[in-house]
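Below: one structure, written as C-alpha cells.
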Amino acid sequence: MARQAEDFEQVARTIVELAAERMGVAVTVTDARGRVVASGAVHVETAPNGSVSPEIVECLHVPFRVGSLEGHVALAEPLGEGISPHWARVLIETLADQAITRMQLPNRQEFKNKFIHDLLRGYMHDQENVLRTGQLLGMDLNLPRAVILINASDYILGADECQSETGEARIPRRAQVVIKGVVNFFHLPNDTICADIGDGEIVVLKASSTHDLEAWTDTEEEHVSSSWTNLTALKRAASALLAKLRHETGGSSISIGIGRYHPEIVGLAHSYQDARAALSLGQLFHGPNQVHCLDGLGIASFVGVSDERTKIDLAMHLLSPLDHEPDLLQTLDVFFECNCSSTCTADRLFIHRNTLSYRLDKIASLTGLDPRNFDLAVQIRLSLVLRALYERPLHILPSLQAGTSGVA
C-alpha cells in the first residue's frame, strides 16, 4: 500500500507539471479525502483538514485512479479565454492518462532510447501511434527534424584509468555527459531530442526548420533545393557542437554524421540512413574528429551508398547551381567528351581558351567542384550521368525514378 501511495503522489506531481507545460494553467490534485497532494498554484486556500477550497472544486473537477487509490484534479485558477469547461475537462483527463502512463513505464529513459532506436531503424510504421507515444514521452515529433549521429565510443566505452567505477556504471554516466552537452548547446526544450542507441553512439533529432537553424544560417546564401535545404546551417551547428563535446570530454575522439531532413515520420529513418552512411564512410576515408555529410564525401558517396534514390538526390544537389547555366552544362559535356583536354574543348565549342578557362572557373565557383581536378571531375561526371539517367530513364533501370530505401 505504501508503494501505491508513492505512485499516486508521483502521478499527482506529473499531472501538475504537464498542466503547466501543455496547458499553461496551474491545477491542484487531491486524494479521495480531499487533501491536497500536489499543486501548481501560487497559493491554494485549504480548509483546516487540508482539503481544497470549495471555489476551486466548483471550477473543474476531474477524477482519476492509480490502482485502488482515487484522486481528483481541480483547476486552481480561472479557465483561459476560449477554453470551455468541456474541453478543459478533456485536456485534464488526457494529462492524467499521460501521467499514469509515464509512471507505469519500467524505465522511462530506457523505453525512450528503444523507441527512438526502433523508429530510426524503420521498425515502426503507424504514424499516429508513433506521434502518440512520442507525446507520452514528452517528445514533439511533428516538428521537421534531421538526424545528427554522434560517435563518442572512444569516450563512452573507454576504460577508466583510475578504475573508480565499473563499466556498468561508467558507460551510462558518460553517455549522459554527452547528451547533457548536446542539450545545453542547443538550449531550447523542444529543439533537440537525444537518445543513447548503444555502442557509444548518441543520436540527436534536431529541429531543422530555417527558424530553428537561424543562428547558423548565412543570410546571403542562396536557397538550395529539396531535402538539402538548411543542410549547410546544420553542418555549421554540428561543427560547433563537435568542438564543445571534444572539449567537455577531455579531447576524446568524436565524429558526427549529418542526415538530411526528409518529410513525415518515416523521413526520420531516411535521415538516419543518411547520417549513418555519412558517418561510416567519413570515418573510413577522412578519419575521426570531423563532421561528415554525404555531399562532402566526394566519390565515396557514390560508391559507398547503395540506395539509388540517395545517389540521384546527391547528383541533382551537386549540379543544382548550374540548373540555369546551359552554357556551363554544355561546356562540361564537351570537356568530358574531349577527355578533359582544354584545347579540344575550346575548338569543339568554337571559343577561345581564355573563355573556356573562365567557364571552368565559374563552374568551380558555383558548385565547389573544379572539373580540372581529377577526383572532383569524377564527381561531376558521375552526377551528370545519374541526372541524365533520371531525366531519360532506360527501360533496364526502372527503379531510378521510383527510388529504393536501403543504405549500405
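Quick notes on this structure:
- The residues of the stretch 53-65 that are at pLDDT below 80, surrounded by 12 or more Cβ atoms within 10 Å (Cβ to Cβ) and out of contact with any Leu (no Cβ under 6 Å at 6 or more places or on another chain), listed by number, are SER53, ILE56, VAL57, HIS61.
- Some residue of the stretch 321-336 being crowded, with 22+ Cβ neighbours inside 10 Å, touching a residue at least 40 places away in the same chain (Cβ under 8 Å) and not small (Gly, Ala, Ser): yes
- Scope the stretch 131-161; condition under 15 Å from the mean Cα position of the chain (by Cα), more than 28 Å from ARG246 (Cβ to Cβ) and not in a loop (DSSP other than H, G, I, E, B); matching residues: LEU131, GLY134
- Only a single item in (1) farther than 29 Å from LEU234 by Cβ; (2) touching an Asp or Glu at 6+ places or on another chain (Cβ under 9 Å) is not met by GLN330, and it is number (2).
- Filtered residue count, the stretch 270-305, keeping only those that are touching a His at 6+ places or on another chain (Cβ under 8 Å) and open to solvent by 10 Å² or more (accessible area, probe 1.4 Å): 6
- Residue selected from the stretch 337-353 under the condition of a type outside the set (A, V, I, L, M, F, W, C) and in a loop (DSSP other than H, G, I, E, B), by the criterion most open to solvent (accessible area, probe 1.4 Å): ASN339
- Residue in the stretch 209-224 that is open to solvent by less than 20 Å² (accessible area, probe 1.4 Å) and outside any loop (DSSP other than H, G, I, E, B) present: no
- The set of residues from the stretch 194-208 being of a type outside the set (A, V, I, L, M, F, W, C) and in a strand (DSSP E or B) comprises ASP196, GLY198, GLU201, LYS206.
- Test for ASP333: is it of a type in the set (D, E, K, R), under 30 Å from GLY251 (Cβ atoms) and in a helix (DSSP H, G or I): no
The values are calculated or read from the model by the stated rules, or taken from the named source; none is laboratory data. No experiment lies behind these values; they were computed from the predicted model shown. Here the Cβ is made from the backbone with ideal geometry for all residues, glycine too, and neighbour counts use every protein chain on show. Ligands, DNA and RNA are excluded from the accessible area calculation, which covers all protein heavy atoms including side chains. Shrake-Rupley method; radii C 1.70, N 1.55, O 1.52, S 1.80 Å.
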